[in-house]
Amino acid sequence: MATQPNQSLPNGYQLNEYTIVRKIGGGGFSMVYLARDEANNAVAIKEYLPGALVLRTEGSVVVEANSDDNRNIFRHGMKCFFEEGRALAKINHANVIRVVNFFRANDTVYMVMRYERGKTLQQHIQANRGNIRESFIRRVFAQLMTGLREVHTHKLLHLDIKPSNIYIRLDGSPVLIDFGAARQTLNQDEVRLQPMYTPGFAAPEQYHNRERLGPWTDVYSIGASIYACLAGYPPQAADARLLNDKLVSARETWRGEYSEQLLETVDQCLQLNYMERPQSVFALQKVLMDKNTMHQRRPSILKSLKRSLNKEIF
């Protein structure tokens, strides 16, 4: 089913004790707003708004199912979203987005999060394509996995780890945002919803065999995100790899530019067979924290010239 264009809440709208400042993000599943609480603190509010199921028309704030058939699906997803907010609110970790409130309004549900200032890892990759140091990769992902370990301890999976869901604060520390667990639950039984996983970063078991989802599923996405730091783009999508695996190993592609250990780790994380990946975030984190094997990248003269030419051209 095609996603309907949904109207965002208007600027200045009073949503419970929060005042909407403006829409700052969102996609086919939700909208995200910058808002202010009663003490004038900035917060980010995520609104459950799957365009394939519901519609908010211009001049209205209430969400309505776009068909009788989709009403029950929407309500089930709303329950999953609400439960996800409840679970995340129990996690208080520096490297995981902090959920401070969740509530129902306008016939949907909202998740209120601490507002973070900085940029996404995806933006950093785009600004530094081909020139991201190994020390940066190790530091960011080692810290990030401290938070991911806390998530897994609470029996949760992220299921949508990718550079655009890794936020780099102004002080350089990473924070994991935009969990996809509710979307996976929603997709499990309802084929009418379009897939919400991200090609290139989603593990094979997210396409098929969802009963095999586990910490190793997030490990695949971590490997794909590190790969994107090296390449500037994601690896071949897992469903395509299952049919015709054209992915060249990181070891072969970047030999001499990064440490053997880092490249081998990426290749292990990107194994199609989940049993062949690191089975826990802790095991993966230990490897990334081993700075004795780190290789400081020194770009070749040819690559430096190419980057200079690109800057002059563009």
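The values are calculated or read from the model by the stated rules, or taken from the named source; none is laboratory data. In this text, all values refer to a predicted model and were calculated from it rather than measured experimentally. A quick note on method: Cβ atoms are made from the backbone with ideal geometry, for glycine too, and the neighbour counts reach across all protein chains shown.
Of the residues in the stretch 125-132, not one is touching a residue at least 12 places away in the same chain (Cβ under 8 Å) and in contact with an Asp or Glu (Cβ under 8 Å, 6 or more places away or on another chain). Of all residues in the stretch 93-129, those satisfying the criterion of being part of a loop (DSSP other than H, G, I, E, B) and either among the basic types (K, R) or farther than 18 Å from A42 by Cα (or both) are H93, N95, R98, N106, D107, R117, N128, R129. I'd like to check something: does the stretch 234-243 contain any residue that is surrounded by fewer than 13 Cβ atoms within 10 Å (Cβ to Cβ), over 24 Å from L156 (Cβ atoms) and modelled with pLDDT of 95 or more? Yes, the stretch 234-243 has at least one match. Here the stretch 278-299 is the region considered, the condition is being assigned to a loop (DSSP other than H, G, I, E, B) and within 19 Å of T253 (Cβ to Cβ), and the residue that is modelled with the highest pLDDT is M294. The set of residues from the stretch 6-32 being in contact (Cβ under 8 Å) with a residue 12 or more places away in the chain and of a type in the set (G, A, S) comprises S8, G26, G28, S30. Residues that are within 25 Å of the chain's Cα centre (by Cα) and either among the aromatic types (F, W, Y) or not in a strand (DSSP E or B) (or both) were ranked within the stretch 8-28; the one that is modelled with the highest pLDDT is L9.
Among all residues of the stretch 77-96, there is at least one that is crowded, with 19+ Cβ neighbours inside 10 Å, touching a Ser or Thr at 6+ places or on another chain (Cβ under 6 Å) and among the polar types (S, T, N, Q).
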